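Only the coordinates and a few stated rules stand behind these numbers; no lab work does. Because the structure is a prediction, the values reported are computed rather than measured. When we count neighbours, we look across all protein chains shown, and the Cβ atoms used for this are built from the backbone with ideal geometry, even at glycine.
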Amino acid sequence: MMPQSYTLEFKKKIVRLHLEEGHTYKSITAEYGVSKAGISKWCAKFNEECQKGKSLLKKSGGILCKGNRLEAYRFIEQFHDHFGLRWLLRRLNLCSKHGMQHNRFMIFFSHICA
């Protein structure tokens with residue numbers, strides 16, 4: 001049997017049901033046919049993203065509010081190993097859906113680090 005593929009929206013709904021509304025694994029499994037392991041994995045990933053987000057807000061010192069791209073790039077240069085480059089670009093709204101900003105940043109970043 002092939003593994004089931006779920007949309008991101010569906011996964012968010014399941015996580016919300018479990019974490020926010022207190023539904024049990026058993027009740028979600030019975031109603032939606034999702035395995036306990038799947039629910040657990042999605043909830044863990046959600047918690048990990050939340051912790052990363054909190055850490056980013058603490059370390060960023062307000063650059064997200066300032067809107068200064070140069071400061072954002074400097075922040076990325078300093079913390080890309082900790083958070084991951086792609087994750088930071090998305091959170092700082094420097095990465096478009098198709099990755100054009102990511103490519104521009106990589107060129108910029110390679111000049112700074114050279």
Counting other beta carbons within 10 Å of each Cβ, put 87, 42 in order, fewest first.
87, 42
For region 1-60, fraction of C-alpha pairs farther apart than 15 Å, in %:
53
Just rank 46, 75, fewest to most, by other beta-carbon atoms within 10 angstrom.
46, 75
